[in-house]
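A.B. asks: Take this structure first; my questions come after.
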Amino acid sequence: MIVSGVVGFAIEDLVIGVRMNVIRNLIHTFIGIAGASVDTDKEGHLFFLIGGIVLLVATVAGYVVVARGNLPYAYHVYQWENHLHGVLTVLFLFFRFFAKRRKK
């Protein structure tokens, strides 16, 4: 996530035809830094919970925008991006609720 966020600032078309924007880059960078700074099991569970909720909102909002025909005043949302956010949502929430805590 950090890489996609930081590189997005430097390269506008990271993937051919995919337009990056500042909001998307900031969110990816922030989530990556937050994940990298996790130090304890409690922080990890909180990170995966909050990250899962953010990704869930991004997934649902993305599907709604695509279903309405990518409103002209909003930045373009790609369907593959919605699928990727959906998979990441499942992974984040899985790690939050089903990952075992380390024994001390």
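A.B. asks: For the range 20-32, state whether one or more residues are in a helix (DSSP H, G or I), closer than 21 Å to F97 by Cα, modelled with pLDDT of 85 or more and in contact with a helix residue (DSSP H, G or I) (Cβ under 9 Å, 6 or more places away or on another chain).
C.D. replies: yes
A.B. asks: Looking only at the range 33-43, count every residue that is assigned to a helix (DSSP H, G or I) and farther than 17 Å from H85 by Cα and tell me the total.
C.D. replies: The number of residues fulfilling the criteria is 6.
A.B. asks: When you scan the range 56-78, how many residues do you find that are over 13 Å from R24 (Cβ atoms), modelled with pLDDT of 85 or more and touching a helix residue (DSSP H, G or I) at 6+ places or on another chain (Cβ under 7 Å)?
C.D. replies: 3
A.B. asks: To continue, here is another question. Of the residues G86, G35, only one is under 12 Å from the mean Cα position of the chain (by Cα) and at pLDDT below 90; which?
C.D. replies: Values: G86 fails: at pLDDT below 90.
Testing whether each residue is under 12 Å from the mean Cα position of the chain (by Cα) and at pLDDT below 90 leaves just G35.
A.B. asks: Then there's this: Would you confirm whether or not the range 44-55 contains a residue that is farther than 17 Å from F95 by Cβ, in a helix (DSSP H, G or I) and assigned by TED's automatic domain parsing to the domain that holds F94?
C.D. replies: no
The values are calculated or read from the model by the stated rules, or taken from the named source; none is laboratory data. No experiment lies behind these values; they were computed from the predicted model shown. Positions of Cβ are backbone-derived with ideal geometry, glycine not excepted, and every protein chain shown enters the neighbour counts.
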